[in-house]
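> Dropping a structure here in structure tokens format, bear with me for questions.
The values are calculated or read from the model by the stated rules, or taken from the named source; none is laboratory data. This one's a predicted model, so the numbers in the text were calculated from it and none came from an experiment. So basically every Cβ, Gly included, is an ideal-geometry build from the backbone, and we count neighbours across all protein chains shown. Accessible surface is based on the protein model in full, side chains and every heavy atom, while ligands, DNA and RNA are left aside. Shrake-Rupley method; radii C 1.70, N 1.55, O 1.52, S 1.80 Å.
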Amino acid sequence: MLCLGIESSCDETSVALLQEDVLIDQIITSQASLHSIFGGVVPELASREHERHIGRLFDNLLNRNNLNPSDIDLIGVARGPGLLGSLLVGANFAKGLAFGLNKPIVGVNHLHAHALAIGLTHKLEYPSLALVVSGGHTQLYRVDSPVKFIQLGRTLDDAAGEIFDKIGHLLGLEYPAGASMDKLAQMGKVGQFPLPRPYLNNDNYDFSFSGLKTAAAKILKEYELLNIINKKELIAPEKYKLICNFCADFNLALAETISKKTKRILDKSFKEYKAVWLSGGVAANKKIRETILALAENFNMPAYAADLKFCGDNGAMIANAARLIYKEGYKHKCDFEIIPRGKIIPEDMVKIFQN
Ligand code: KG4
Ligand code: ZN
């Protein structure tokens, strides 16, 4: 089965083709440089950019693989959560294709697609404990099947990626700042800056990173590191060392906070789970990958972190989720709705067969 995946929920436009679970090809265009002037994604600009690129990306993808639209067997598209205008561009393009080609379509939950992206490199076993850390979300799920996700925890304020981007912005780094902070951290030493592991004094599995953000901002001010990377003059070696050490401590504080909440679930019920999955844009982070893989190892359970090319938003994860959902016997009618961030995604798929 040749499955097309379309992703346009935030500031990446991506199209990909999967033949079963094998990636045939994928194109991702990022709008990061456009939005970096504003320090974050501007929704109206994002949807215009998706509209400008999507048709050309689709044509390129087919042409360079010598394929015709009619060769596609299934169409998957991100239907939310995300930015409304951005989602609409991808979803309407996908619906037009499905209607015109008379092919089945699946509107995919973007967060579930991040979690299931593990299936692009490893065999998926259920139930598994999925940790999705991205720019907009920090979620913990029990995954019973491609169509059964039980949310165990979520972020109550900023997502993990969001706080990387906000603190990075204070340092003067360009949006999105997570990958740059990760690189700086790898040149630093931990232990200089006492940062909190916030929102652990409770018995739930939710996250709240605002305390860490405030503490980090205070340190940057105190050590005169605000906007330091933006300044025209060269950074003195001593200051550079401070920045790297700060990033190392910041990475560690985030990794340990995320890991402690994940451990809380495993302490209670690790025997229920076949594996731990780590995915989403922030899953590219070295310290977070190491910490979560080590945590699972302590419980003697397998843990998989998404392949780096499937961490950030990508069409392959959407195609993969659509394919898995379709194999479970579900698809959408062309009238499914787009669900922006903050709204519950309805269970509105139609059953096509009993398996
Ligand atoms: O999953 P994603 O591409 O988009 C959303 O669905 O939100 O995640 C993007 C986020 C950004 O906040 C970016 O700064 C962060 O992932 N990110 C990282 C790293 N690479 C990307 N954060 C920490 N370390 C990284 N290596
Ligand atoms: Zn994402």
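> For segment 97-128, give me each residue that is away from ligand 2 (no atom under 16 Å from the Cβ) and among the β-branched types (Val, Ile, Thr).
Ile105, Val106, Thr121, listed by residue number.
> Condition first: assigned to a helix (DSSP H, G or I) and within 16 Å of ligand 2 (Cβ to nearest atom). Now tell me which residues in segment 284-307 satisfy that.
Listed by number, the residues that qualify are Ala284, Ile288.
> Further, regarding this structure: Name the residue, out of Ile235, Ile258, Ile243, that is without any contact (Cβ under 8 Å) to a residue 24 or more places away in the chain and under 22 Å from Ala185 (Cα atoms).
Checking each option against the conditions leaves just Ile235.
> Of the conditions (1) in contact with a Leu (Cβ under 6 Å, 6 or more places away or on another chain); (2) over 30 Å from Lys274 (Cβ atoms); (3) hydrophobic (A, V, I, L, M, F, W, C), Leu140 fails just one. Which one is it?
All conditions pass for Leu140, except number (2).
> Consider Ile229 carefully, then state whether it is more than 25 Å from the chain's Cα centre (by Cα), within 16 Å of ligand 1 (Cβ to nearest atom) and either under 27 Å from Ala113 (Cβ atoms) or open to solvent by 40 Å² or more (accessible area, probe 1.4 Å) (or both).
Yes, satisfied.
> OK, next. Among the residues that make up segment 61-84, is at least one of them more than 16 Å from ligand 2 (Cβ to nearest atom), under 20 Å from the mean Cα position of the chain (by Cα) and not aliphatic (A, V, I, L, M)?
Scanning segment 61-84 turns up no residue that is more than 16 Å from ligand 2 (Cβ to nearest atom), under 20 Å from the mean Cα position of the chain (by Cα) and not aliphatic (A, V, I, L, M).
> In the list Glu256, Glu224, Glu238, which residue meets the criterion of being closer than 17 Å to His169 by Cα and acidic (Asp, Glu)?
Details: Glu256 fails: closer than 17 Å to His169 by Cα; Glu238 fails: closer than 17 Å to His169 by Cα.
Residue meeting the stated conditions: Glu224.
> I would also like to ask the following. Look at segment 308-325 and say how many of its residues are open to solvent by 10 Å² or more (accessible area, probe 1.4 Å) and part of a loop (DSSP other than H, G, I, E, B).
2
> Every residue in segment 329-355 that is buried (at least 18 other Cβ atoms within 10 Å of the Cβ) and over 21 Å from Leu88 (Cα atoms), please.
Tyr330
> Kindly provide the set of residues from segment 236-252 that are within 25 Å of Lys286 (Cα to Cα) and either among the hydroxyl-bearing types (Ser, Thr, Tyr) or open to solvent by 30 Å² or more (accessible area, probe 1.4 Å) (or both), ordered by number.
Here is the first cut: in segment 236-252, the residues within 25 Å of Lys286 (Cα to Cα) are 237-252.
Residues satisfying the conditions are Pro237, Glu238, Lys239, Tyr240, Lys241, Leu242, Leu252.
> Going by the structure shown, is Lys274 part of a helix (DSSP H, G or I) and open to solvent by 20 Å² or more (accessible area, probe 1.4 Å)?
Details: part of a helix (DSSP H, G or I): no; open to solvent by 20 Å² or more (accessible area, probe 1.4 Å): yes.
Taking the combined requirement at face value, the residue does not satisfy it.
Condition check ((1) under 18 Å from Ser180 (Cβ atoms); (2) at pLDDT below 95; (3) out of contact with any helix residue (DSSP H, G or I) (no Cβ under 7 Å at 6 or more places or on another chain); (4) surrounded by fewer than 16 Cβ atoms within 10 Å (Cβ to Cβ)) across all residues:
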position	(1), (2), (3), (4)
Phe209	no, no, no, no
Lys221	no, no, yes, yes
Leu254	yes, no, no, no
Ile258	no, no, no, no
Lys268	no, no, yes, yes
Arg289	yes, no, no, no
Leu295	no, no, no, no
Ala303	no, no, no, no
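> Moving on. If you scan segment 121-140, which residues turn out to be more than 13 Å from Ile292 (Cβ to Cβ) and within 15 Å of ligand 1 (Cβ to nearest atom)?
Once the filter is applied, which keeps residues that are more than 13 Å from Ile292 (Cβ to Cβ) and within 15 Å of ligand 1 (Cβ to nearest atom), segment 121-140 yields Ser134, Gly135, Gly136, His137, Gln139.
> So which residues in segment 112-123 are in contact with a Phe, Trp or Tyr (Cβ under 8 Å, 6 or more places away or on another chain) and aliphatic (A, V, I, L, M)? If you could, list the steps in order and put the result at the bottom.
Filtering segment 112-123 for residues in contact with a Phe, Trp or Tyr (Cβ under 8 Å, 6 or more places away or on another chain) gives 112, 115, 117-118, 120-122.
Correct list: Ala115, Ala117, Ile118, Leu120.
> What single numbered condition from (1) away from ligand 1 (no atom under 15 Å from the Cβ); (2) farther than 26 Å from Leu23 by Cα; (3) open to solvent by 20 Å² or more (accessible area, probe 1.4 Å) fails to hold for Lys166?
For Lys166, the exception is condition (1).
> Could I ask something else about it? Tell me, which strands (runs of 3 or more DSSP E) wholly within segment 1-120 include 1 or more residues that are at pLDDT 95 or above, within 16 Å of ligand 1 (Cβ to nearest atom) and open to solvent by less than 20 Å² (accessible area, probe 1.4 Å)? Write out each step before concluding.
On the way: elements: 2-7, 12-19, 22-30, 74-80, 105-109.
Correct list: 2-7, 12-19, 74-80, 105-109.
A quick yes/no check of all residues on (1) within 16 Å of ligand 1 (Cβ to nearest atom); (2) surrounded by 22 or more Cβ atoms within 10 Å (Cβ to Cβ):
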position: Ser145; (1), (2): no, no
position: Lys148; (1), (2): no, no
position: Gly153; (1), (2): no, no
position: Asp158; (1), (2): yes, no
position: Leu184; (1), (2): yes, yes
position: Met187; (1), (2): yes, no
position: Tyr199; (1), (2): no, no
